[in-house]
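Okay, structure first, notes after.
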Amino acid sequence: MSIEVNNLTHIYHRGTPLETVALRDISMEVPDGGWVSIVGHTGSGKSTLAQHLDALLLPDEGSVLVDGLSTDVKKDLRKIRRKVGLVFQYPEQQLFAETVREELSFGPKNWGEIDDIDRTLAEVMEQVGLDESYLERSPFKLSGGEKRRVAIASVLAVRPSYLVLDEPTAGLDASGRHRLVELLSRIHSDGTAVIMVTHDLEIALDLSDRIIALEKGTIACQGSPEEIVLSLESRPVSGLVLPDICKIWLGVKNRGMEIPFSCDPIYLADFIADRS
Amino acid sequence: MDELSIASLDRIGYSYVEEGNPALRDISLEVRRGEWLALLGGNGSGKSTLAKHLNALLAPMQGACFISGMDSRDERNLWEIRKTISMVFQNPENQIVSTVVEDDTAFGPENLGLPPDEIENRVKKALDIAGLSDKAKSASYTLSGGQKQRLAIAGAIAMEPPCIVLDEPTAMLDPQGRGEVMALLEELHGHGITIIHITHRLEEIRKATRAVVLQAGRLIWDGLPEDLFKEPELTSWGLELPPIVSFWRRLRERGLCEDDVILTVEGLVNRLCR
Amino acid sequence: MTDTTTTRKIVLGALTAAMVTGATMLSAPVPGFRLYFNLGEGIIYTVAILLGPRYGAVCGGLGAALADLILGYPLWAPLTLTIKGLEGYVVGRLAPSGKIRAILAGATVMAAGYSISAGFLYGWAAAPIELMTDIVQTGIGAAIALPLSATLKRRLQGTGLSN
Amino acid sequence: HRCDPRCKIMSVLILLTGVFLVDSPVGFIFWGGLLWLLSLISKIGIPVLLRTVRPIMFLIIFTAIINLFFTSGTPLFEIGPISITKEGVRLGAYMALRLLFLILFANLLTLTTSPMALADGIESLLSPFKRLGLPAHEMAMMMTIALRFIPTLMNETDRIMKAQLARGADLDRGGLIKRLKAFIPVLIPLFVIVFQRADDLAVAMEARCYRGGGGRTRMRPFAWGTGETLSLGFVLTVVVALTVLERNIGL
């Protein structure tokens with residue numbers, strides 16, 4: 001079970017003077033339960049790719065298969081959207097319901113899966129770290145960070161196998177970002193595959209098993225975080241700047257120290273201190 | 001009144017709801033001309049409320065706020081204060097008024113009632129500084145996030161204020177946009193404009209000449225940016241250390257770095273691999 | 001800070017007008033006849049009911065006229081400005097004493113206005129066809145506006161966003 | 001015709017009035033000539049101008065046909081219940097041509113003038129009525145802001161629609177009422193965004209010293225020169241002359 005993208009090409013405004021190729025010949029795979037990050041500069045096509053994973057856009061060429069279902073088959077589109085949850089950038093802007101409970105029930109109702117809804121909602125609320133008293137509150141009266149968590153919960157409420165998030169940390173302050181990372185790690189360890197679309201290389205390197213770097217609609221490099229850091233050092237990708245801590249790791253390593261890959265500054269500092 | 005002072009806050013306090021927790025308590029702060037002041041704090045620390053006082057969008061409930069000697073509580077001073085201190089907000093999308101880049105830049109000067117050629121000169125100059133000259137005739141919605149925020153800054157500098165307050169101007173931008181805006185701030189500071197930069201990102205304060213920290217509406221720290229990095233309490237103030245700072249602080253704890261602040265990749269690598 | 005309210009009124013009027021323009025443009029129009037069914041009417045009625053006659057007039061008249069200009073029917077823009085402006089005003093004015101009545105009155109203004117204009121522009125034989133499309137259009141508008149305005153009113157209460 | 005938008009708006013108003021008074025084949029030929037002349041002056045080629053009519057061609061044909069069939073008078077010939085009358089042919093042709101000319105003149109204006117310039121022109125033309133309580137400046141300001149935010153709001157609508165689609169909403173299935181209802185979860189967030197944005201933008205504008213139309217200047221002031229007076233005079237004279245001439249020859 002996995003999401004497979006084969007030679008995907010997407011063209012906006014085909015056949016008009018505005019024609020632009022947003023994605024060209026993309027092939028990638030997201031295994032069940034994995035954590036894949038798609039990184040790249042604004043306009044690299046990463047949001048377009050995210051929408052393909054949820055069958056909100058359809059390929060001009062190539063194919064997208066979700067657990068064997070192709071987005072080319074019209075009658076399977078809803079099944080695919082059921083399996084994949086997509087959290088858009090600034091998802092709090094999509095909230096509309098009178099209470100959090102109603103907001104979270106929107107998805108299950110649309111899919112006709114309302115048996116046992118109370119238990120599901122309780123589970124989801126725990127996953128996003130909000131206590132159940134929030135269910136009766138108006139989503140419009142929550143703080144920014146809480147709104148975002150409710151929005152993510154509203155996508156989780158149908159228990160998707162794959163959770164795609166477009167810039168989940170955008171606009172959050174340090175502590176909000178910290179809490180969001182914890183939340184995503186919890187969702188992932190509960191067995192949901194996470195696909196994170198972000199320009200925040202630091203978070204991507206820290207959390208994912210595999211990273212795909214896009215540049216102008218094509219894959220510039222993909223691999224494990226360590227491979228990505230090494231690749232970006234030898235061949236930079238526009239708009240992707242290596243975090244300082246990775247540059248330090250590279251610098252120390254290039255001067256001949258045997259040092260394991262890590263983005264954790266405390267680990268790296270301790271390792272170096274122990275060695276000297 | 002001190003000639004060198006551009007903004008002077010004298011024990012100000014402010015609350016949004018009566019009875020509620022005050023957003024600002026007893027804050028005194030003197031901003032001098034030519035400074036680059038980094039105003040730091042986590043969510044809810046009161047930093048945006050403080051910013052709105054500097055532009056007379058809010059008037060203090062207790063204490064007094066003087067901008068270039070003008071009392072912000074006096075409504076007659078409103079427009080002179082807004083000419084003295086321009087303001088740039090977090091979301092660039094919600095500051096751009098006009099479809100065409102140069103028309104938007106002209107909005108402020110037009111409000112000031114300046115003669116047409118003067119407006120045109122200022123618009124040209126502002127777009128030039130902001131690096132948007134080649135976009136002057138473009139539609140504002142075609143710009144990237146960083147360009148939009150630079151347009152908002154151009155709109156502020158076209159009013160030629162001696163001081164600009166920027167309220168988390170990089171919060172909604174990608175790393176490239178953040179870099180563009182930070183470079184522009186450096187350029188503005190070079191032009192002699194006083195900068196008050198509100199942020200929660202410690203990595204953005206390295207070029208500042210002074211840093212102050214707000215927590216729960218109180219001003220709790222005031223000093224040089226490099227001294228702030230040494231501050232042991234830093235993490236409990238709702239500020240997150242950039243990884244490079246955590247790294248340096250850990251090395252310092254482990255006795256590998258002496259007391260001098262090294263926060264560049266090269267500096268640290270050189271120190272470690274002597 | 002006395003001007004805050006005036007500035008905000010201008011901005012809110014402009015943004016609701018932009019919503020109407022967008023909603024009108026989103027549905028592919030049947031060329032020329034303004035025979036395009038869209039959500040524009042629904043937004044005009046909602047704004048008029050929530051914010052009153054002035055906003056109704058601005059978003060209806062300005063918003064729909066801008067759509068005419070942008071879609072390439074400038075000839076109709078002045079007519080639309082007047083007719084839909086009046087429509088929004090009437091709905092907003094009468095809404096406090098009954099939403100359905102207000103929408104019916106607004107719809108009458110709209111249908112009469114466009115039918116008469118159609119009579120002048122395309123000949124009187126065309127007027128009944130215009131009248132029919134207008135009735136469908138307002139029906140769609142009412143179906144959107146009645147539930148939308150009710151829920152918006154409730155949901156925005158106390159969030160500082162309601163007017 | 002790259003002149004003051006006020007001049008252009010007034011000219012087109014005069015032209016539109018003139019078109020309504022045309023009532024003979026000769027008249028239409030005159031007007032065709034005038035249109036050709038104006039398109040030459042404005043450097044918009046006739047082909048470009050005609051292309052703007054293409055999407056509305058349906059309407060012009062429709063106008064012709066509906067008047068052709070539904071006008072009573074002296075029958076020319078009859079096919080079953082349908083009769084085509086002499087008056088019908090005449091009225092159908094006139095209505096269609098009149099509409100064509102109206103559209104062409106209006107399009108000539110929008111082809112040579114940006115919506116922003118139009119907004120400014122309208123503001124200036126209406127400003128004498130300010131004393132009667134007509135908010136000319138506010139209207140132009142609103143038009144400017146609305147134009148600026150149309151693309152932004154449409155992008156946001158698209159994003160919200162996709163977000164609800166991803167949550168299983170179905171915007172294109174079911175009966176009309178069901179589909180309309182499905183739009184409510186899209187429209188509510190849109191309204192919330194608009195209210196929030198109105199607050200933010202108003203604050204940002206005041207921070208930039210906006211305080212209404214009084215005391216404002218503009219970067220590109222209007223320049224009403226002799227050129228403008230002459231062209232307006234020219235248009236007026238030609239239209240009056242054509243109309244008078246047509247009445248005397250055509251009847």
Checklist entry - Do any GluC sites (Glu not before Pro) in the range B:1-50 lie in a DSSP loop with no more than 14 other beta carbon atoms within 10 Å, and if so, which? => result B:GLU3, B:GLU18, B:GLU19
Next on the checklist: Using the Karplus curve 6.51 cos²θ - 1.76 cosθ + 1.60 with θ = phi - 60°, what ³J(HN,Hα) values do you get for each residue of the range D:153-160, in whole Hz, with x for Gly and Pro?
Outcome noted: 5, 5, 4, 5, 4, 4, 5, 5
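Quick one: putting +1 on the C-beta of Lys and Arg, -1 on the C-beta of Asp and Glu, what dipole do you get for the range A:142-276 around its Cα centre, in Debye to the nearest 20?
Working: 14 positive and 19 negative charges, 58 e Å.
The calculated dipole for the range A:142-276 is roughly 280 debye.
For chain C, give the percent of accessible area contributed by carbon and sulfur heavy atoms, probe 1.4 Å, rounded to a whole number.
Of the solvent-accessible surface of chain C, carbon and sulfur hold 71 percent.
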Checklist outcome for this item: Out of B:HIS191, B:HIS53, B:HIS200, a Gaussian network model of chain B with alpha-carbon springs under 10 Å gives the largest mean-square fluctuation to B:HIS191
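Taking N as the number of residues in the range A:2-242, what value does Rg over Cα atoms divided by 2.2 N^0.38 Å take? All intermediate terms of the calculation are to be shown ahead of the outcome.
Working: Rg = 17.9 Å, N = 241, 2.2 N^0.38 = 17.7 Å.
Cα-based Rg divided by the globular estimate yields 1.01.
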Checklist entry - What does the accessible area of B:ASP134 come to, in Å² to the nearest 10, when a probe of 1.4 Å is used? => result 130 Å²
Next on the checklist: Can you give me the accessible area per residue for the range A:139-219, using a 1.4 Å probe, in Å²?
Outcome noted: 31 Å²
Item to check | Tally of Lys pairs whose C-alpha atoms are under 24 Å apart, taken over chain D, 8 or more apart or cross-chain | outcome: 4
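Indicate the gyration tensor shape class of the range B:193-247 (rounded, prolate or oblate), computed on the Cα atoms with a ≥ b ≥ c the square roots of the eigenvalues: a/c under 1.5 is rounded; otherwise a/b larger than b/c is prolate and the rest oblate. It would help to have the intermediate numbers written out before the result.
Values: a/c = 1.63, a/b = 1.14, b/c = 1.43.
In terms of gyration-tensor shape, oblate.
Solvent-accessible area per residue for the range C:3-149 at a 1.4 Å probe radius, Å²? Walk me through the numbers on the way to the answer.
On the way: 4750 Å² over 147 residues.
With all protein chains present, the range C:3-149 gives 32 Å² per residue.
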Checklist entry - Between the DSSP loop rule and a limit of at most 15 other Cβ atoms within 10 Å, which trypsin sites (Lys or Arg not before Pro) in the range A:1-52 are left? => result A:ARG14
Item to check | Local electrostatic count at D:ALA166 - Lys and Arg +1, Asp and Glu -1, tallied over other residues with Cβ under 14 Å | outcome: +4
Checklist outcome for this item: Relative contact order of chain B (C-alpha contacts under 8 Å, at least 6 apart) in percent is 23 percent
Next on the checklist: Quick check: convex hull over the Cα atoms of the range B:1-91, volume per residue in Å³, rounded to an integer?
Outcome noted: 109 Å³
Next on the checklist: Which aspartates and glutamates, if any, have their Cα less than 14 Å from the Cα of C:LYS9, not counting same-chain residues under 8 positions apart?
Outcome noted: D:GLU138, D:ASP199, D:ASP200, D:GLU206
Item to check | Area accessible to solvent at A:TYR134, 1.4 Å probe radius, in Å² | outcome: 30 Å²
Checklist outcome for this item: The alpha-carbon center of the range A:112-179 and that of the range A:17-68 are separated, in whole Å, by 25 Å
Checklist outcome for this item: the protein assembly as shown, Kirkwood Rh and Cα Rg, ratio Rg/Rh at 1.00
Item to check | Hull volume in cubic angstrom per residue (convex hull over the Cα atoms of the range C:3-149) | outcome: 93 Å³
Checklist outcome for this item: Residues meeting the amide H criterion for A:LEU163 (H placed from the backbone, H to H distance under 5 Å, 5 or more places apart or on another chain) are A:GLY85, A:ALA193, A:VAL194, A:ILE195
Item to check | ³J(HN,Hα) computed for each position of the range B:25-37 - Karplus, 6.51 cos²θ - 1.76 cosθ + 1.60, integer Hz, glycine/proline x | outcome: 10, 6, 9, 10, 7, 10, 9, 9, 4, x, 6, 10, 9
Checklist outcome for this item: For the range B:5-225, the Debye formula with one identical point scatterer on each Cα and no solvent gives log10 I(q)/I(0) at q = 0.08, 0.16, 0.18 Å⁻¹ as -0.27, -1.08, -1.32
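Probe radius 1.4 Å, ligands and nucleic acids left out: can you give me the accessible area buried at the D-B interface, summed over both chains, in Å² to the nearest hundred?
Details: alone 16440 and 13520 Å², together 27040 Å².
About 2900 Å² of accessible surface is lost on pairing.
Please compute, for peptide A:242-251, the average count of beta-carbon atoms on other protein chains lying within 10 Å of each residue's beta-carbon.
On the way: counts 1, 5, 10, 7, 2, 6, 10, 3, 2, 7.
Mean shielding count: 5.
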Checklist outcome for this item: From the Cα centre of the range B:1-79 to that of the range D:1-68, the distance in Å is 60 Å
Checklist outcome for this item: Sorted by chain and then number, the residues having a modelled amide H within less than 5 Å of the amide H of B:ARG210, at least 5 places away or on another chain, are B:TRP36, B:ALA38
Checklist entry - Excluding ligands and nucleic acids, what accessible area in Å² is computed for B:MET172 using a 1.4 Å probe, to the nearest 10? => result 60 Å²
Checklist entry - With the contact rule set at Cα under 8 Å and sequence spacing of 6 or more, what percent relative contact order holds for chain C? => result 23 percent
Checklist outcome for this item: Non-local residues with an amide H under 5 Å from the amide H of B:TRP221, with H modelled 1.01 Å from N and Pro and chain starts lacking one, are B:VAL213
Checklist entry - How far apart, in nm, are two points set 7 Å out from the Cα along the Cα-to-Cβ line at D:LYS181 and at D:ILE65? => result 3.8 nm
Checklist outcome for this item: Expressed in angstrom and rounded, the centroid-to-centroid distance over alpha carbons for the range A:82-111 and the range D:188-251 is 44 Å
Checklist entry - Per residue, what volume in Å³ does the Cα convex hull of the range A:87-136 take up? => result 86 Å³
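Do any trypsin sites (Lys or Arg not before Pro) in the range B:100-181 lie in a loop, going by DSSP, with at most 14 other beta-carbon atoms within 10 Å of their beta carbon, and if so which? Walk me through the numbers before you get to the answer.
Numbers: sites: B:ARG122, B:LYS124, B:LYS125, B:LYS135, B:LYS137, B:LYS148, B:ARG150, B:ARG178; in loops: B:LYS137.
For trypsin sites (Lys or Arg not before Pro) across the range B:100-181 that sit outside H, G, I, E and B with at most 14 neighbouring Cβ atoms in 10 Å, the list reads B:LYS137.
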Checklist entry - What pairs in A:LYS147/C:LYS99; B:LYS125/B:LYS207; A:LYS216/B:LYS52 have C-alpha atoms more than 30 Å from each other? => result A:LYS147/C:LYS99; A:LYS216/B:LYS52
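For peptide B:239-246, how many partner chain Cβ atoms fall within 10 Å of a residue's Cβ, on average?
Values: counts 3, 5, 2, 6, 12, 6, 2, 6.
Average per residue, whole number: 5.
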Checklist outcome for this item: Residue-ordered couplings for the range B:104-116, obtained by feeding phi - 60° into the Karplus form 6.51 cos²θ - 1.76 cosθ + 1.60 and rounding to whole Hz (Gly and Pro as x), are 5, 4, 6, 4, x, x, 5, 5, 6, x, 7, x, x
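Averaged over peptide D:86-92, how many Cβ atoms belonging to another chain are found within 10 Å of each residue's Cβ? Write out the running numbers ahead of the final one.
Working: counts 0, 0, 2, 0, 0, 3, 2.
Across the residues of D:86-92, the mean count of other-chain Cβ atoms within 10 Å is 1.
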Checklist entry - To one decimal place, what Kirkwood hydrodynamic radius in Å is obtained for chain D from all pairs of distinct Cα atoms? => result 22.7 Å
Item to check | Distance between modelled label sites at A:ARG179 and A:GLU19, nm, 7 Å Cα→Cβ extension | outcome: 4.9 nm
Item to check | Of D:ARG148, D:ARG51, D:ARG208, the one that fluctuates the most in a GNM where chain D has Cα springs shorter than 10 Å | outcome: D:ARG208
Item to check | Most mobile listed residue (B:ASP260, B:ASP103, B:ASP227) in chain B, GNM with C-alpha springs under 10 Å | outcome: B:ASP260
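The values are calculated or read from the model by the stated rules, or taken from the named source; none is laboratory data. Everything numeric here is computed off the predicted structure, so don't read it as measured data. Note that we place each Cβ from the backbone using ideal geometry, even for glycine, and neighbour counts take in every protein chain shown. Quick note on the areas: whole protein, heavy atoms, side chains included, nothing else; ligands and nucleic acids left out. Shrake-Rupley method; radii C 1.70, N 1.55, O 1.52, S 1.80 Å.
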